[in-house]
Every structure is written in structure tokens, then in C-alpha cells.
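To keep things clear, I will list the structure first and then write my remarks on it.
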Amino acid sequence: MSKYEQISNWNKRPLRKSQLHYGAMDAFILLKIYEEMKELFAEIGEDIERFVDSSIGGKVYGAKKNKIAELEDEKIELEDM
């Protein structure tokens, strides 16, 4: 896959067909990598979700989950009033 589109102007609309193809292939490849890693983690008895949660992205996701939980708690408190 050519890396030319990687550095192209993604803000300019409409995107070119080559940009759409590059983006679709990029997403497809990432999903394949995730699926392969999930299988490899399962083979060694590990959970990939736990690994992801402990990564930088997982920490951001975890923070969002915590904020959602806080908001749900506040909602419950307000409903009890």
C-alpha cells in the first residue's frame, strides 16, 4: 500500500477515491491486527481487553467510563430526591 495518502490533505473535501481506499484499508488492517493479537493473547491465557485498558488509550477510555459512572450516580441521587 502506498504511503502517499498518509500525508495527503485529509481536511480537503471531498476526499479522493484513493484517500477513501487508503482509509478503508487502514481500518481493515487494524481490525485484522486486533483479531490476531486477540488470538495470541488467548493462547497465553491473557485478556486483550485488560491489556488495552492498561495502555494509554485504555486509561483515557477508563477515565471516560469513570466519568460515566459518576454521572449515573448523580442521576440516581437526583431521582431519589
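The values are calculated or read from the model by the stated rules, or taken from the named source; none is laboratory data. Remember, predicted model here, so these are calculated numbers, not experimental data. No Cβ is skipped: glycine too gets one built from the backbone with ideal geometry, and neighbour counts run over all protein chains shown.
Worth a mention:
- Extreme residue, modelled with the highest pLDDT, among residues of the range 23-81 that are part of a helix (DSSP H, G or I) and among the hydroxyl-bearing types (Ser, Thr, Tyr): Tyr34
- Output for the range 10-22, where each listed residue is surrounded by 10 or more Cβ atoms within 10 Å (Cβ to Cβ) and either part of a loop (DSSP other than H, G, I, E, B) or touching a strand residue (DSSP E or B) at 6+ places or on another chain (Cβ under 8 Å) (or both): Trp10, Leu15, Arg16
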